[in-house]
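Only one structure is covered here, and it is reproduced in the block below.
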Amino acid sequence: MPRHAPPELIIPPQNRRPTCWYRPDAGIGRSRAGLGQTGRMRIELTTEPGDPARPNEDYASVALPACGQGGSLVLLDGVTPPPAEDGCLHSVPWFTARLGGALAELSTSRRDMTLRDVLAAAIARTADAHRATCDLSHPRTPQATVVLARWDAERVEHLVLSDSALLVEAPDGAVTPLLDERLDRVPRAALVSDEVADATARNKEGGFFTAAADPSVADRAVTGTLPRTGVRALAALTDGVTRWVEKFHEGDWADLFTLVRKEGTEAVVARVRALEDADAQTRTHLRRSKTHDDASLVYAEL
């Protein structure tokens with residue numbers, strides 16, 4: 001039987017800002033029924049550690065199935081533990097790589113599962129990988145914030161857990177932030193120290209939630225579905241990038257989205273780094289925050 005060439009993924013040779021255009025019918029010369037993408041997609045991804053001497057604890061990926069039907073993106077911000085014992089033999093990058101990999105696989109291959117089901121299964125799989133050697137009940141067992149989006153020809157699904165963000169641009173240019181704002185609502189007194197936060201707010205009722213070792217946390221995630229015709233582009237950002245809005249007040253979410261689209265993901269991270277450097281001494285905006293945080297940004301024009 002004649003065999004058609006597979007869809008072609010073209011990745012220009014940038015180092016820190018991989019950009020790709022997806023062409024479902026590259027080299028074939030005729031269309032194929034049922035494909036989610038019918039033209040070119042622009043995808044950019046930048047992730048950069050806050051400290052070059054330390055491993056990046058973020059995870060970012062985009063998956064475009066070979067069949068051409070839709071895609072998914074995953075963004076995790078690993079939670080840096082305090083210096084004290086956290087009950088685990090493994091690092092945060094070990095955790096985010098495994099959780100992120102499971103999310104990327106399941107969100108693409110198991111389209112019958114809801115995103116909450118995908119997150120629960122990925123958490124359970126990751127927990128099983130170190131349950132025998134680590135104390136998964138410790139409040140500082142490795143954990144992460146989560147942004148997960150999945151699209152096909154009909155819909156765009158989304159899931160957000162904790163303080164990373166997903167921005168959605170409509171065909172008319174309107175930008176909607178999809179956020180889990182529970183951390184912002186926690187009283188400052190509950191966050192005065194790591195010990196107090198762990199005892200009173202972290203993964204506690206009335207506090208905020210992250211993906212750690214309990215699959216049931218998936219039920220706490222902010223989720224929803226939008227019609228595919230109502231979404232032109234997506235941007236997923238860890239708080240190392242959202243500080244452009246939330247700490248430095250350089251503009252609103254629509255301004256940030258416009259900057260990403262016009263200048264690209266790497267340029268936006270560079271702008272954040274410049275703001276951090278300028279505020280490193282006075283700390284007018286940074287206050288007690290890290291001067292440089294891991295910063296990850298995924299941009300997808302659908």
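Most tightly packed first, judged by the mean number of other beta-carbon atoms within 10 Å of their residues, the peptides 288-301, 269-282, 222-235 read 288-301, 222-235, 269-282.
Computed in the context of the full set of protein chains, the accessible area of the chain at 1.4 Å probe radius has 52% of its extent on carbon or sulfur. Simple spin-label model, 7 Å along Cα-to-Cβ: Ala53 to Arg185 in nm? Reported label-point gap for Ala53 and Arg185 is 4.1 nm. With each label modelled as a point 7 angstrom along the Cα→C-beta vector, the Asp128-Ala254 pair spans 4.7 nm.
Full extension of the chain between Glu85 and Arg155 gives 20.8 nm of extra length, using 0.36 nm per residue less the Cα-Cα distance. Given the -39500 (n - 2.57) contribution per DSSP H run of 4+ residues, what per-residue ellipticity at 222 nm results for the chain, rounded to the nearest 500 deg cm²/dmol? That comes out to -7500 deg cm²/dmol. For Gly207, nonlocal amide neighbours, meaning residues 5 or more places apart or on other chains whose placed amide H falls under 5 Å from its own, do not occur. Residues in the stretch 192-205 carry Karplus couplings, in order, of 5, 8, 4, 5, 5, 4, 5, 7, 10, 10, 5, 6, 10, 4 Hz; the curve used is 6.51 cos²θ - 1.76 cosθ + 1.60 with θ = phi - 60°, and Gly or Pro positions show x.
Relative contact order (percent) for the chain, with alpha-carbon contacts under 8 angstrom and 6 or more residues of separation?
Result for the chain is 21 percent.
Placing a label point 7 Å from the Cα of Asp172 along the Cα-to-Cβ direction, the residues of the stretch 218-253 whose backbone N falls under 14 Å of that point are 230-232. For the pair Thr291 and Asp219, the difference between a 0.36 nm per residue extended length and the Cα-Cα distance amounts to 22.6 nm. Hydrophobic long helices, here whole DSSP H runs in the chain with Kyte-Doolittle means of at least -1.0 and Cα atoms spread over 24 Å or more along the helix axis, are found at 92-109.
By definition, a body whose alpha carbon gyration tensor gives a ≥ b ≥ c is oblate when a/c is 1.5 or more and a/b is not larger than b/c, and the stretch 168-302 fits this oblate description. The packing ranking, built from the mean of other Cβ atoms within 10 Å per residue, places the peptides 169-178, 95-104 in the order 95-104, 169-178, highest first. The phi-based Karplus calculation (6.51 cos²θ - 1.76 cosθ + 1.60; θ = phi - 60°) puts the 3J(HN,Hα) values of the stretch 81-87 at x, x, x, 5, 4, 10, x Hz, whole numbers, x for Gly and Pro. The residues of the chain expose on average 47 square angstrom of accessible surface per residue, using a 1.4 Å probe on protein heavy atoms.
The values are calculated or read from the model by the stated rules, or taken from the named source; none is laboratory data. Here the structure is a predicted model, which is why all the values come from computation and not from measurement. Ideal geometry is used to build each Cβ from the backbone, glycine not excepted, and the neighbour counts take in all protein chains shown. Heavy atoms of the whole protein, side chains included, go into the accessibility calculation; ligands, DNA and RNA do not. Shrake-Rupley method; radii C 1.70, N 1.55, O 1.52, S 1.80 Å.
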